[in-house]
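To start, the structure itself, in structure tokens.
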Number of protein chains: 2
Amino acid sequence: MKLHTSLRAPNPRRVDMFIAEKGIHGIEKVVYDLNRQEHRSASFLARNPLARVPVLELDDGRCLAESRAICTYLEALYPEPNLMGVDPTERAFIEMADRQVEFFLLAPIANHIRHTHPGLAALENPQFADFGASQGTRMLEAARTFDERLASREWMAGDRYTVADITAFCGLEFARLAKFKPADAGLARLAAWRDRVAARPSAATA
Amino acid sequence: MKLHTSLRAPNPRRVDMFIAEKGIHGIEKVVYDLNRQEHRSASFLARNPLARVPVLELDDGRCLAESRAICTYLEALYPEPNLMGVDPTERAFIEMADRQVEFFLLAPIANHIRHTHPGLAALENPQFADFGASQGTRMLEAARTFDERLASREWMAGDRYTVADITAFCGLEFARLAKFKPADAGLARLAAWRDRVAARPSAATA
């Protein structure tokens, strides 16, 4: 298998951390420079016409895009440690948690940065600064909601580390570009959770 | 089970169509009026602090939010007809297709309408008209990409109807609020696919 991916972006990092948690070795990496628009080259578009990294190219040549779908595939191939649910009910509740941190935390963080950070102007053209600023507010509201959630659970989906922690962590780490840190915002539970995730070896794969 | 939901919104409709395709009966519906902010009532927020419909309340009282996670749960409970993949590989590829139509078609359509339509001003406050207009362009670009995809396949995820067709259809039907129809845009394959989905009894559940 080959992973077509890039550096320093949250979605590629989700798959990197998932692979590290699973202890999977031997996936060849092909790295694309997004700032040089390499993900819009003919060879990449042949693998994903929607021009988004990462893409997992299987040994039979089929190409699987979308970070979470790649995780679903790898989870089946490498079931342990389980990160996405051991039965259908747990799988559904972990999917809920994963989507919630993706849509309410990672997405507004990404929108906020893409529409306000000068370094992202080449990727997000045109930028809409007022929309970007409002997404920063949404990010903060969501961070408060997840901080409250962590009053009654240790991890984003419940009592164990799952793919939802990876997604939320990659979102929050990306938020550093906007100088947002949970501890600075007084969100002690979210900050402590962030440190628990950061302490795992998989977090060193950025 | 109880489904806490609303009328005329694309995500509730995804679950309605999924339930209809499965032929599931007996799920009680509790309908919330979004324009009256009923999804921000204490009783709804107790079920989903993120204030989003639909939510499936299980018989043991646990509440499952997020349309696609609800479908994952119902797929396990009612395996036939299969809509999300019969094995892990197919499940991953259908998840990819479902996410692609959700993020590249449904999301820009929803953003476009929420930020430009006067009828959505109460839900999306403030609206950012210039961002909304740009999302209309994204919607059109994505519609072209999916129209091309349908040159080599009959359905969004391949050679059979799946959850990805439901997601894409609910997005496109919502786009009628912005007066967008694939046929008017000269996208003949997307228009024909839309008509195939619309002809199924499940499409009459709006």
Straight distance only, please: which aspartates and glutamates reach the Cα of B:Lys2 with their own Cα at less than 16 Å, same-chain residues fewer than 8 apart left out?
-> B:Asp16, B:Glu28, B:Glu57, B:Asp59, B:Asp60, B:Glu66
To the nearest 20 debye, what is the magnitude of the charge dipole of chain A about its Cα centre, counting +1 on the Cβ of each Lys and Arg and -1 on the Cβ of each Asp and Glu?
-> 500 debye
Between copies, how far does the label point of B:Pro81 sit from its twins, in nm, shortest first, when each point is 7 Å from Cα along Cα→Cβ?
-> 4.1
Segment B:11-82 - percent relative contact order, Cα under 8 Å, separation 6 or more | 33 percent
Measuring from label point to label point, each 7 Å out along Cα→Cβ, what is the A:Arg196 to A:Ala151 span in nm?
-> 1.7 nm
How big is the convex hull of the Cα atoms of segment B:27-124, per residue, in Å³?
-> 124 Å³
Within straight-line cross-link reach of A:Lys181, lysines at Cα separation under 25 Å, skipping those fewer than 8 residues along the same chain = none
Starting from a label point 7 Å past Cα on the Cβ side, list the distances from B:Ala188 to the same position in the other copies, nm, shortest first.
-> 6.7
Remind me, relative contact order of chain B in percent, using alpha carbon pairs under 8 angstrom and six or more residues apart?
-> 23 percent
Zone reached by a paramagnetic label modelled 7 Å from A:Ala204 Cα along Cα→Cβ, restricted to segment A:1-30 with backbone N below 17 Å, covers A:16-25
For A:Ala129, label point 7 Å along C-beta direction: distances to other copies, nm = 2.0
Treat each spin label as a single point 7 Å out from the Cα along the C-beta direction, and report the A:Glu90 to B:Thr89 distance in nm.
-> 2.6 nm
Nearest beta-carbon of B to the rotation axis carrying it onto A: which residue, how many whole Å?
-> B:Phe131, 2
For the protein assembly as shown, the dipole about the Cα centre with charges only on Cβ (Lys and Arg +1, Asp and Glu -1), to the nearest 20 debye, works out at 900 debye
Output the Cα-based Rg and Dmax of the protein assembly as shown in Å, rounding Rg to one decimal and Dmax to a whole number.
-> 20.2, 54
Give the Rg (one decimal place) followed by the Dmax (whole number) of chain A, computed from C-alpha coordinates and expressed in Å.
-> 16.9, 50
Set the Förster distance to 30 Å, then compute FRET efficiency between B:Glu28 and B:Thr137 from the Cβ-Cβ distance, nearest 0.05.
-> 0.15
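None of the figures in this text is laboratory data; all of them are computed from the coordinates on show. The structure displayed is predicted, hence computed values, not measured ones. Glycine also receives a Cβ, built like all others from the backbone with ideal geometry; neighbour counts cover every protein chain displayed.
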